[in-house]
Structures are given as C-alpha cells and as structure tokens.
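A quick write-up on the structure given underneath.
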Amino acid sequence: MSSSNELSMDELTLKEILAEQIEEAKATRKYITKLERSIADRDQVIKDILVSFEQKTSDLKVEIPKPDLSEVTATLDVKLTNIQQAVERKPVPVIRQFRFLLFPETNTEHYYKIIFGRILPWLVIVLISTYLFSLGSDWLNNQQVIELQEIETNISARAWSKLYDKANKRDKKKLDELWERARKKTIHTPTNRD
C-alpha cells in the first residue's frame, strides 16, 4: 500500500509540475508572439522611413555652380610673365666657393651660445679631469716605487743585522769598516738635485 501511495504521490507531483511547465510555456509563447509583433511593427516603421527618404532624395536636384577660375588664371599669368622675364635675362654665372666656416652665416648668435655656453666648459672640464687623472697615476706609480725601495732597504738592513749578529770579532771589524766606507760614499756622492 505504501508503494501505491508513493506512486499516486509521484503522479500528483508529476501532474502539478507538468501543469506548471505548460503554463510557463503558454506565457513564454505569448511573450514571443508579442515580441514578434513589436519587431514587425518596427520593421514596418523603418521601411516607411526608408521609402520616404528615398522619395526625398530622388526629388533632390543638385546643381553645381560653374567655378570661377579668373583668380587662378590671373596668378598663372603673373607667374608665367615672371618666368619669361627670368629666361630673357642673361643667366647668372655660378660662383663656386670653397670655404671652411666655424659658424654659419645666418643665426650665428644661436651657435655662439651653444659653443661658448656649453661645449667649451665641458671641454675644459674634460681637460682638467684628464690632467688630474695623469697626476694621480704618476703619484700612485711613485708611491709603489717608494714602497719597493723601503722593502729592499728593510731586507738589506735585516740581512746586515743578522750577518753582524752571527759574525765573530774579526768579521765584525770588517763589517764596521765596510759600513763606514759606504756611509762616506753616500755622504760625498752628488744627488740629482745638485
């Protein structure tokens, strides 16, 4: 009995759903026919407008006025007479000049402003920076030479002191004599500044 109730319930709900779908389909159909009528009405209005526009344009007659060429012919006559006069005159000889100009003959103030206002200061800056770079390079090279001489002097002094410490009395005497001779030579030698 429960299965027949379920079936009858299903049939009832199915019938209700179908009835709702049929009503919705009828409403949709009515709406579509209403839209089709409005589209047809609009198409008719557009056709009427096009027909009236075609009638208006077919009735139009465009008349183009004849152009007034008197001004053009007058200017052409003047220019042609100028050309004829130029031809009748003797041709001007062409003078070839080969010149080297730093500044053009026209608008020189602008070029002076560019050259003396911008280029020359930059040129001076580049020259000064190049000179300073070369001075710095020379100074670095001299510092390296001085450091190498100090290293050699320190090595020689350490070697002399080690030799002196390990020597016996007789060798120490000879080393002292050599030291005195070397000192006298360095005192009496002329320097590069003399």
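The values are calculated or read from the model by the stated rules, or taken from the named source; none is laboratory data. It should be emphasised that the depicted structure is a prediction, and the values quoted were computed from it without experimental measurement. FYI the Cβ positions are ideal-geometry reconstructions off the backbone, even for glycines, and counts take in every protein chain you see.
Quick look at the values:
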{"item": "Any hit, segment 127-143, residues being among the charged types (D, E, K, R) and either at pLDDT 90 or above or in contact with a helix residue (DSSP H, G or I) (Cβ under 9 Å, 6 or more places away or on another chain) (or both)", "result": "yes"}
{"item": "So residue 183, is it surrounded by 10 or more Cβ atoms within 10 Å (Cβ to Cβ), in a helix (DSSP H, G or I) and at pLDDT below 80", "result": "yes"}
{"item": "Conditions (1) surrounded by 10 or more Cβ atoms within 10 Å (Cβ to Cβ); (2) modelled with pLDDT of 80 or more; (3) not aromatic (Phe, Trp, Tyr); number of the one not met by residue 85", "result": "(1)"}
{"item": "Residues of segment 88-123 classified as outside any helix (DSSP H, G or I) and exposed (fewer than 10 other Cβ atoms within 10 Å of the Cβ), total", "result": "18"}
